[in-house]
Every structure is written in C-alpha cells, then in structure tokens.
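The values are calculated or read from the model by the stated rules, or taken from the named source; none is laboratory data. Not measured: the values here are computed from a predicted model. Here the Cβ is made from the backbone with ideal geometry for all residues, glycine too, and neighbour counts use every protein chain on show.
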Amino acid sequence: MYKHILLTVDLDDKDSWSKALPLAISNTETHGATLSVMTVVPDFGMSLVGQYFPKDHIEKVMTEANKRLHELVAARVPEGMQVQHIVRQGTVYEMVLLTAEEIDADLIIIASHRPELKDYLLGPNAARVVRHANCSVLVVR
C-alpha cells in the first residue's frame with residue numbers, strides 16, 4: 001500500500017522517535033516500502049541573530065545532526081533495511097512538507113506531544129503537517 005515512508009525525528013527529543021520509529025520500521029517491512037528518516041535543524045529566523053555565530057556554524061551543526069541521525073538509525077533499524085537519511089534546515093513543518101513532496105512520500109509518520117495552551121493558538125508542527133500534506137499522515141502520541 002505504501003511505497004515511500006517519511007519518518008520525522010527530533011534528535012534532542014527521544015519521545016519524537018521512541019514509538020514512531022518502531023512503527024515506521026513495521027510499516028516499511030509490511031509494505032515493502034522505502035524508509036526515509038529526517039531531522040530538521042532550526043534556522044535562526046533572523047539574519048541579525050546569525051551574525052553572532054561563526055561563519056561555519058551551520059555546516060558544523062548540519063554535519064553533527066547528520067552524524068547523530070546515522071547513529072540513531074544504525075542502533076535501532078534492523079540490519080539490511082535500506083534507509084535514506086535526510087537533514088534539512090528551516091522551519092520543521094515546512095521542511096517536512098517540502099521533503100515529502102521531493103521524495104514522493106505517500107506516508108508521513110510524525111510524533112506529537114500533548115498540546116500546551118500555546119499550541120492551540122499557534123498550532124504544533126504535527127498539526128500543520130496534517131493540515132497541509134498531500135499524502136497520508138500518521139501522528140503518533
């Protein structure tokens with residue numbers, strides 16, 4: 001049923017992958033799908049803030065995120081399963097939606113936390129992905 005599954009993880013939040021990763025692995029195996037695991041490094045949002053960091057800061061952060069993503073996958077994904085590792089920089093929900101389009105994902109798996117008051121006003125990343133995705137989205141609590 002699914003051919004390409006996109007799993008989003010926050011490398012600094014175990015809750016973002018502890019339940020979602022096993023579910024992604026199971027769906028990948030069941031459907032004979034391709035699995036892409038992605039993480040998003042937030043941007044500074046303002047060039048004014050960015051000027052206070054060294055010029056190579058973003059490259060170092062992206063390299064470290066890529067290393068950590070590979071370590072997470074190697075430790076928890078069964079040997080032999082082909083996994084595409086994706087590290088993007090930007091706003092989480094925008095990068096998830098853009099990446100899903102680029103790789104032609106037909107299922108996005110994303111974890112969601114229990115909403116706080118601010119999430120009801122602004123909308124968490126998972127809710128924005130659900131609202132705007134062109135494919136199925138599985139939200140894991």
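Details
- Yes/no for V92 being buried (at least 19 other Cβ atoms within 10 Å of the Cβ) and at pLDDT 95 or above: no
- Count of the range 95-128 residues, restricted to those that are more than 16 Å from D13 (Cα to Cα) and either of a type in the set (D, E, K, R) or modelled with pLDDT of 95 or more (or both), is 18.
- Condition broken by V49, with the remaining ones in (1) of a type outside the set (S, T, Y); (2) loosely packed, with under 13 Cβ neighbours inside 10 Å; (3) at pLDDT 95 or above satisfied: (3)
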